[in-house]
Amino acid sequence: MRHHPTTSLGGWDPFAEMRRLQADMNRLFDGTTTTPHRVYPPVNLWLGDNSVVVTAELPGLSGDDIQLTVESETLTIEGERRLAGNDNQIAWHRRERATGSFARTVQLPFRVDADRVKAHFANGVLEVEMQRPEEDRPRKIAVNAA
């Protein structure tokens, strides 16, 4: 009787594991991941001299659908994506856009002044500019010659 290689590994088949990993990678690259939810909304973050700007893509929402919370070094974007019309009466052929509540908390690179936050929403893109508090801003120190 020939010895089967998976028996010595306690029933674990490394080739089956490799096939499973390959299938997961294929799903990842074709946009059908097995992850139960994706991070939403996608954000970009960049720094100014004394500010930080966060943009988030929120197609199909209005400014009234979005709530923002700024606390020390975090920005939280919350809202709900709804369908137009009555979902129960639609015979979907394809449905890739998720609906429901969402919340995304973004860690900021420094503490921000909650009283100096500007938010603008246009064409499905939210832009939030937050200023660093005056007392936390880096100070340039002049060096005097001796």
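The values are calculated or read from the model by the stated rules, or taken from the named source; none is laboratory data. Here the structure is a predicted model, which is why all the values come from computation and not from measurement. Here the Cβ positions follow ideal geometry from the backbone for every residue, glycine too, while neighbour counts run over all protein chains shown. SASA here: full protein model, heavy atoms, side chains in, ligands and nucleic acids out. Shrake-Rupley method; radii C 1.70, N 1.55, O 1.52, S 1.80 Å.
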| request: List the chymotrypsin sites (Phe, Trp or Tyr not before Pro) within region 75-146 that fall in a DSSP loop (any state other than H, G, I, E or B) and whose Cβ has at most 11 other Cβ atoms within 10 Å. | output: TRP92
| query | Expressed in whole Å with the largest first, what are the equivalent ellipsoid semi-axes of region 52-146 derived from the C-alpha gyration tensor as the square root of 5 times each eigenvalue? | reply | 41, 11, 11
| note | Measure of exposure for ASP115: accessible area at 1.4 Å probe, Å² rounded to 10, is 140
| Accessible carbon and sulfur surface of region 35-146 relative to its total accessible area, %, 1.4 Å | 45
| How much accessible area per residue does region 91-146 have, in Å², with a 1.4 Å probe? | 81
| request: Can you tell me the FRET efficiency between PHE15 and HIS120 if r is taken as the Cβ-Cβ distance and R0 is 41 Å, rounded to the nearest 0.05? | output: 0.15
| query | Where does each of LYS118, LYS140 land when they are ordered by accessible area, with a 1.4 Å probe and the largest first? | reply | LYS140, LYS118
| field | Accessible area, probe 1.4 Å, largest first, for residues MET18, MET25, MET130 | value | MET18, MET25, MET130
| request: Return the distance in nm (one decimal) between the two label points of a simple spin-label model at GLU71 and ARG137, each offset 7 Å from Cα along Cα→Cβ. | output: 2.8
